[in-house]
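What follows is calculated from the coordinates using simple rules that are stated; it is not laboratory data. Predicted model only: the values in this text are computed from it and were never measured. Cβ: placed from backbone, ideal geometry, glycine included. Neighbour counts: every protein chain shown.
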Amino acid sequence: MTAIALAAGATAGPVAAAAWEPAKPITFIIPAGTGGGADLMARFIQGIVTKHNLTKQPIVVVNKGGGAGAEGFLDVKGSKGDPHKIIITLSNLFTTPLATGVPFNWKDMTPVAMLSLDQFILWVNAQAPYKTAAEYVAAVKAGDDKKFKMGGTGSKQEDQIITVALEANTTPKKFTYVPYKGGGEVATQLVGNHVDSTVNNPIEAVSQWKGGNLRPLCIFDSKRSTYTEKVTADMAWSDIPTCKEAGVDTEYQMLRGIFTSPGATPEQVAYYVDLFKKVAETEDWKKFMSDGAFNQTFMSGPEFTTWLEAAEKRHLALMKEAGFLAAAAN
C-alpha cells in the first residue's frame with residue numbers, strides 16, 4: 001500500500017495515536033525545604049532538562065515542605081488526573097504518614113522511577129578531636145556530664161531514625177537530637193559548632209568538607225563508596241570507612257525517586273520514565289552523582305513498585321522500634 005493510500009483515512013485502518021507529552025508547564029514539587037538534598041537534586045534536574053532541551057514545556061520547581069513534606073504529598077494526591085505535576089521523594093514518603101497520621105500513602109500517587117539511593121555520613125566539625133567514628137562514639141559514651149547534640153533535618157524522619165539507631169551503640173541514650181528545616185542549615189550549624197555531629201547526605205555537606213570545615217567519620221552503608229576521585233586534597237568518598245568497619249553497626253540509605261499524580265496513564269508514566277532516563281545519560285548527571293556519592297540505582301515499573309513495598313515495611317519496623325509511630329499508625 002502506498003503512503004498516499006495510508007494517508008487517505010478510514011479505509012486504511014486506525015492510525016496510531018501520538019505519544020503523550022505535556023501540554024503545559026510541569027510543576028515539580030519538593031516535599032522539603034531549600035538547601036537540602038531533595039531541593040538540590042530537583043533544581044539540578046531542572047537545569048539539565050533546560051540545558052539539553054529535554055522537554056518542550058518548562059519545569060517549574062516549587063518547595064512544599066510543610067508538615068515534614070505532607071504539604072507536597074497531599075498536593076499531588078489531590079491532583080488526580082493532572083499529569084503535569086511530578087514530585088521528588090525521599091524517605092519521608094514513608095516516615096511522614098507514619099509519624100503524623102496524615103491521610104497519605106505512597107500508593108496515593110503514581111510511581112515513575114527511582115533515580116538513585118542517597119547515602120548518609122556521620123560528620124563532625126573539622127576541629128573536633130575525633131578522627132574515627134569509634135572515637136566519637138566512645139566520647140559520647142563517656143560524656144556523662146552532657147548529652148551530645150546531633151543535628152538533623154526534621155523530626156521523626158531519616159536523620160533522627162539514624163540517630164536512634166546510633167544510640168544503640170551508646171547505651172544509655174546520650175544524644176540530644178536538634179531538628180532543622182533542611183540539610184543546608186544542618187551543615188551550617190555543624191560548621192558553627194552549634195551541634196556536635198550530623199548525619200547529613202554527602203551532597204549536603206560536601207562544600208563544607210572541601211572547605212576544610214567538616215570531617216566525615218563513616219558512611220552508613222554495607223560497603224564503601226565506589227567513587228575514587230579525590231574530593232579534598234587527600235580523600236575520596238571511597239576513603240571514608242563504613243560505620244560497621246568503625247565498630248558502629250548501623251546502615252541506612254534513602255530513596256531519591258519520582259512520582260506523578262494519581263490516575264496517570266501508562267503513556268504519561270512512560271513519558272516521564274523516558275525523560276529521566278535521558279537526564280541520567282547526561283554527563284552533567286553523572287558528575288552530580290559522583291560529586292554527591294550517590295548509589296546509581298535506576299528503577300521503574302514493577303521492579304520499582306516491589307522495592308517501594310519492601311521499603312514501606314522496613315520503615316514501619318524502624319519507626320515502631322524508635323517509638324515514632326503516630327497513634328493511628330500503631
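Below are the figures for this structure:
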| quantity | calculated |
| --- | --- |
| The chain - convex hull of alpha carbons, volume per residue in Å³ | 151 Å³ |
| Rounded to the nearest 20 debye, dipole of the chain from Cβ charges on Lys, Arg, Asp, Glu | 320 debye |
| Efficiency of FRET between LYS24 and PHE298 - r from beta-carbon atoms, R0 25 angstrom, step 0.05 | 0.40 |
| Cut-off 16 Å (backbone N to label point 7 Å along Cα→Cβ of THR132), residues of segment 223-246 | 239-246 |
| Alpha-carbon centroid distance for the pair segment 235-272 / segment 25-56, whole angstrom | 17 Å |
| Exceeding the 24 Å Cα-Cα cut-off - candidates LYS51/LYS278; LYS173/LYS244; LYS131/LYS210; LYS107/LYS320; LYS141/LYS181 | LYS141/LYS181 |
| Computed [θ] at 222 nm, helices only, for the chain once each DSSP H run of length n ≥ 4 contributes -39500 (n - 2.57) | -11000 deg cm²/dmol |
| For segment 121-239, share of DSSP beta bridges that run antiparallel, in % to the nearest 5 | 45 percent |
| Sequence ranges 64-75, 305-316, 238-249, ranked by mean other-Cβ count within 10 angstrom, highest first | 64-75, 238-249, 305-316 |
| Percent of beta bridges antiparallel (DSSP, the chain, rounded to nearest 5) | 55 percent |
| Convex hull projection area averaged over all views, segment 121-239, Cα basis, nm² | 7.0 nm² |
